Amino acid sequence: MKNLSVFSLFLVINISAVFSQNHYGKNGMVASASTYASQAGIEILKAGGNAVDAAIATTFTLAVTWPFAGNIGGGGFMVIHTENGEVTTFDFREKAPFASSKDMFLDKNGKLKSGSNHNTALAIGVPGTVAGLYDAHQKYGLIPWEKLLERAIQLAESGFPLPKSLANDFFQFAEAPEKYPEMQSFIKRDGKVVGFGEDWKQPALAETLKKIQKEGKKGFYEGEIAEALADYIQSQDGIITKEDLAQYEAIERSPIQSTFKGYQLYGMPLPSSGGVTITQMMNMWEQLEETPIIGSVQYYHILAEIMRIAFRDRAKYLGDQDFIEIPELEKLLSDEYATELLEGINFDKAGESTVTEIHSIHEGQETTHLSVMDANGMAVSMTTTLEQGYGVKMQSPDLGFLLNNEMGDFNAVPGKTTNNGQIGTPANTIEAGKRMLSSMSPFIITKNNYPFLVIGSPGGRTIINTVFQTILGTTVYDYPMAQAIEAPKIHHQWLPDRIIYEEYKMAPETLKALEAMGHEIQMRSFLGRLMGIKYNAETEFMEGAADSSSPDGGVAAY
Ligand code: GLY
C-alpha cells in the first residue's frame, strides 16, 4: 500500500510536468505540430491573410520543419468555416495510381507480401497536398499565393536548429542505412548526419517549393517536378506515372453535418471515415439517459461500447464513395439508428466483437493536424499525412521531399479479416484512381453560427476516438482546451476486441473494474496528438492548446 502511494505521487508529478498549457489570443491563433509552422501562420494573419491563407503557410512550413508527417508528398483533408458561417471541405487524399489493382500486394498464393503495402515504392499514393492547398487558396484565400510559401522557403534554404525528436529519428535512420537507403541523403549533409541543434538546410526542397511558389499546383503536377518525381518513383519499382500526377484533382465536398446538444458539428465526408463515424458516436452519446461522470468506470465502459459498434460499421460499409455505392450511409447518420444501436448495449458488461462480421488493417499512427482561427470567425481544421512517420522513407535527393505510403490504408487482402485487426471488406479494396479510406477527422463545431471548437489529431484509427472524446470534453463537460486534450482517453476499434488506454493516466482501480466487466485492456504511451482551439463567445478570446505528446508542437497567437 505504501509503495502504491509513493508510486501515485510520482505519477501526479509526472503528469503535471508534461501537461500542455492553454494559450489565449484575440486576433488569431494557430495550433500545429511545429512551433515554426504555427508562427508562420500567425505572420500571414498579421499580414492581412485569413485563416485559409494561414493554414496553407503553416502546412508548407510543416513540410520543412516537421518531416515526420508534414508534407507535400502526401495528402489530407481540410474543413473550412467561412466568415459568413458557411462550411465546406477540401479532400486532397492520395489516390491509387492508374496501374493499381486489388491484388497488387499479394503473392501467387493470395498472401500479403509482407510489408509490401508499406515499405516499398508500390505503397506510394498519388500525392494530393499541393492541389488541395492551391485550390483552397484559389477559392478562399485573400493574399497572394507566393507569400504563403515565403517562410517555408526561407527555413528550407537558411536552415533551422534540428529539434531533439527529429535528431533522434535521424540518428536511427543513420544507424540502419541498409534498411533506409533513401533516407541517407535526407538526413546527412557533407556525409555527416545532422545532429540535435545543428542547422538543417534543405536546398533541394527549397528549390521545389520555389517552383510551386512561382507556378502554383502546375509547378508540382506538371513539368520538371512531375517528370523527376515519376522517374524517381519508377526507379524504385513504383508505378506512379506523369499521367497520374497530371490528372490528380483535389475535390471540394460538402461536410458531414449534424447537431449535438445545441452545437452544429461539421466533419469530413468520405473517403475520410472521421465525419461519419464520429457523427454516429455523437448521436449515440446524445441519447444516453444519464450523462456518466467523466473518468468514471461507467464513462469508459459506455465509450468503449459506442466505439465498438461505430468501428464495426466503419469497417463494414465505408470506402471511397466515388467508387462504391453506400446505401446504408443515411441510416448510419440517423438518430433512429443511434437509438437502435444504443438499445443493443449492455451497460454492465462488455460486448463482444466477432471476426465473422468484418475484417481490419494496420494503419499508421503518424499524421499531423493544425487548427487555425482568425478574428473574423473564419476557421480551418486540417489534417495531413504521409501515413507512417516519414512515409515510405523515400525521396528523390533532387526534389528533397518525402513520399507517402498511403496505399497501406487500403484493405490489402480482399476478404481476409483477422482478430488482430486486418480488414478485408470490399468497400476499401484497391482500384485504380480510388482514394483509400482514412481516419483523419478534422472537425469544426459551431455554436450560434460561430466557431466554438476547431479540433483534430494524428493517430491512425485512434484519431476518431481521440477527437470524439475531446469534443465530449469541451461540449458536455465544459473543459478548457488543454484539459480536454490532456484528459485520459481510451481507444476501441471493434477488432482487436480490447480497450487501449494511456500510460499513467487511468487509476488502477478503474482498469480493474473494466476488466471485471469483461473488457480486455492494453496500455499505450499516448493516444493522439491533438491540436485545438476553443472560442469563448463571452470573453471573445480564443483558447488554444497543443497536446503535450507532441514533441515540437506549439500554439501561436496574437
Ligand atoms: N494514414 C492515416 C489516415 O489516413 O487515417
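The C-beta contact set for the stretch 323-340 (first residue under 15 Å from T425 (Cβ atoms), second residue in a helix (DSSP H, G or I) and among the acidic types (D, E), distance under 9 angstrom, 6+ apart or interchain) comprises E328/D313; L332/D313.
Restricting the search to the stretch 259-277, which residues are of a type in the set (S, T, N, Q) and surrounded by fewer than 24 Cβ atoms within 10 Å (Cβ to Cβ)? T259, Q264 - these are the residues of the stretch 259-277 that are of a type in the set (S, T, N, Q) and surrounded by fewer than 24 Cβ atoms within 10 Å (Cβ to Cβ). Selection over the stretch 375-404 of residues that are part of a loop (DSSP other than H, G, I, E, B), of a type outside the set (D, E) and away from the ligand (no atom under 16 Å from the Cβ) gives a count of 11. For A315, state whether it is crowded, with 19+ Cβ neighbours inside 10 Å and within 20 Å of M268 (Cα to Cα). Here the answer is yes, as A315 does meet what is asked. Looking at this structure, is F541 more than 22 Å from V79 (Cα to Cα) and of a type in the set (F, W, Y)? The answer is no for F541.
Exactly one residue out of G141, G159 is touching a residue at least 40 places away in the same chain (Cβ under 8 Å) and at positive phi, and it is G159. When residues in the stretch 266-311 are screened for being of a type in the set (D, E, K, R) and within 16 Å of the ligand (Cβ to nearest atom), 0 of them pass. The selection criterion, being assigned to a strand (DSSP E or B), within 14 Å of T129 (Cα to Cα) and small (G, A, S), does not hold for G70.
Applying the condition of being surrounded by 24 or more Cβ atoms within 10 Å (Cβ to Cβ) and charged (D, E, K, R) to the stretch 93-102 and asking which residue is farthest from the ligand (Cβ to nearest atom) yields K95.
Just wondering, is there one or more residues in the stretch 1-24 that are at pLDDT 95 or above, outside any helix (DSSP H, G or I) and either surrounded by 24 or more Cβ atoms within 10 Å (Cβ to Cβ) or out of contact with any Asp or Glu (no Cβ under 8 Å at 6 or more places or on another chain) (or both)? No, the conditions are met nowhere in the stretch 1-24.
If the Cβ limit is 7 Å and pairs must be 6+ apart or interchain, which residue in the stretch 190-203 that is of a type in the set (A, V, I, L, M) pairs with which residue that is assigned to a strand (DSSP E or B) and buried (at least 16 other Cβ atoms within 10 Å of the Cβ)? Hits for this filter: V194/W200. Among the residues making up the stretch 447-464, those that are polar (S, T, N, Q) and either buried (at least 21 other Cβ atoms within 10 Å of the Cβ) or within 16 Å of the ligand (Cβ to nearest atom) (or both) are S457, T462. Identify all residues within the stretch 126-178 that are surrounded by 20 or more Cβ atoms within 10 Å (Cβ to Cβ) and touching a Ser or Thr at 6+ places or on another chain (Cβ under 8 Å); write none if there are none. Hits for the stretch 126-178 are T129, L133, Y140, R151, A152, L155. Do we find that A537 is farther than 27 Å from F196 by Cβ, surrounded by fewer than 16 Cβ atoms within 10 Å (Cβ to Cβ) and hydrophobic (A, V, I, L, M, F, W, C) in this structure? So A537 fits the description; yes. Of all residue pairs spaced 6 or more apart or on separate chains, those with beta-carbon atoms under 8 Å, a first member in the stretch 364-388 that is in contact (Cβ under 8 Å) with a residue 40 or more places away in the chain and a second member that is of a type in the set (V, I, T) and part of a loop (DSSP other than H, G, I, E, B) are M378/T82; L386/V392. In the condition set (1) part of a helix (DSSP H, G or I); (2) surrounded by 16 or more Cβ atoms within 10 Å (Cβ to Cβ); (3) modelled with pLDDT of 95 or more, E340 is compliant with all but (2). Take the conditions in a helix (DSSP H, G or I), within 16 Å of the ligand (Cβ to nearest atom), in contact with a helix residue (DSSP H, G or I) (Cβ under 8 Å, 6 or more places away or on another chain) and modelled with pLDDT of 95 or more and apply them to M407. Does it pass? It is true that M407 is in a helix (DSSP H, G or I), within 16 Å of the ligand (Cβ to nearest atom), in contact with a helix residue (DSSP H, G or I) (Cβ under 8 Å, 6 or more places away or on another chain) and modelled with pLDDT of 95 or more. It is to be established whether one or more residues within the stretch 220-237 are farther than 30 Å from R151 by Cα, outside any helix (DSSP H, G or I) and touching a residue at least 12 places away in the same chain (Cβ under 8 Å). Scanning the stretch 220-237 turns up at least one residue that is farther than 30 Å from R151 by Cα, outside any helix (DSSP H, G or I) and touching a residue at least 12 places away in the same chain (Cβ under 8 Å). If you filter the stretch 49-92 down to residues that are closer than 15 Å to G267 by Cα and within 14 Å of the ligand (Cβ to nearest atom), you find that the one that is surrounded by the fewest Cβ atoms within 10 Å (Cβ to Cβ) is D91. Out of the stretch 169-189, which residues are touching a residue at least 40 places away in the same chain (Cβ under 8 Å) and not charged (D, E, K, R)? Result: F173, Y180, M183, S185, F186. Annotation for the stretch 207-219: no member residue is part of a helix (DSSP H, G or I), modelled with pLDDT of 95 or more, more than 28 Å from the chain's Cα centre (by Cα) and under 26 Å from S550 (Cβ atoms).
The values are calculated or read from the model by the stated rules, or taken from the named source; none is laboratory data. Worth saying up front: this structure is predicted, and the values here are computed from it rather than measured. So basically every Cβ, Gly included, is an ideal-geometry build from the backbone, and we count neighbours across all protein chains shown.
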